Every structure is written in C-alpha cells, then in structure tokens.
1. Here is a list of conditions, (1) on the phi > 0 side of the Ramachandran plot; (2) surrounded by 13 or more Cβ atoms within 10 Å (Cβ to Cβ), and G62 meets all of them except one; can you say which number that is?
2. Out of segment 2-58, which residues are within 15 Å of R71 (Cα to Cα), among the aliphatic types (A, V, I, L, M) and either loosely packed, with under 14 Cβ neighbours inside 10 Å or in contact with a Phe, Trp or Tyr (Cβ under 7 Å, 6 or more places away or on another chain) (or both)?
3. Restricting the search to segment 31-57, which residues are free of Cβ contacts under 8 Å to residues at least 24 places away in the same chain and of a type outside the set (F, W, Y)?
4. Could you tell me which numbered condition R71 fails, if it satisfies all but one of (1) modelled with pLDDT of 95 or more; (2) more than 10 Å from the chain's Cα centre (by Cα); (3) surrounded by 12 or more Cβ atoms within 10 Å (Cβ to Cβ)?
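The values are calculated or read from the model by the stated rules, or taken from the named source; none is laboratory data. Predicted, not measured: the structure shown is a model, and the values here were computed from it. Backbone-built Cβ (ideal geometry, glycine too); neighbour counts: all protein chains shown.
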Amino acid sequence: MPQVTARDLVRFLKSQGFEEERQSGSHLTLWHSSRRIAVTVPIHTGADLGRGLAVRILKDAGFSVEDFVRRRER
C-alpha cells in the first residue's frame, strides 16, 4: 500500500459512487446509497493516513488495495 492522504482516499471513494453524508470535526463520513455502506475517513491536513488505516477503510468500503492502486494510476 502506497502512502496516501485522506484527500486522495476521499477522491477515490467519490469516484466509486460514495457521497459526503456528514462531517463531525475532523472525521468525514461517506455513504454509498445503492450498496448501503458508510465509511469514515479522518481528515488531518498535511498528514498521510496510516497504511493500516487506509487498508481498513478500503476493505470496509468493499475494495482491495489492488483496486485502489489500479484506479489511481488512470
């Protein structure tokens, strides 16, 4: 898993159909209406997400690291 910022991860999730549902402080919750899945991404400007956390968010959203890397390279 490459280093990733919250901004990159949110951009990827939005491109896959997730929409911003709400934000509470520094945590943004995204919702996918047809799959009925919600994921929360911590938004801390200027800091990368931990690799384990990024992998966990992707997995909870139904994606693998390979999906993220492949679609990010486009």
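1. (2)
2. If the condition is that a residue be within 15 Å of R71 (Cα to Cα), among the aliphatic types (A, V, I, L, M) and either loosely packed, with under 14 Cβ neighbours inside 10 Å or in contact with a Phe, Trp or Tyr (Cβ under 7 Å, 6 or more places away or on another chain) (or both), then L58 is the only one that fits.
3. At the first step, the residues of segment 31-57 found to be free of Cβ contacts under 8 Å to residues at least 24 places away in the same chain are 31, 33-34, 36, 38, 40, 45-46, 50, 52-53, 56.
S33, S34, R36, A38, T40, T45, G46, G50, G52, L53, R56 - these are the residues of segment 31-57 that are free of Cβ contacts under 8 Å to residues at least 24 places away in the same chain and of a type outside the set (F, W, Y).
4. For R71, the exception is condition (1).
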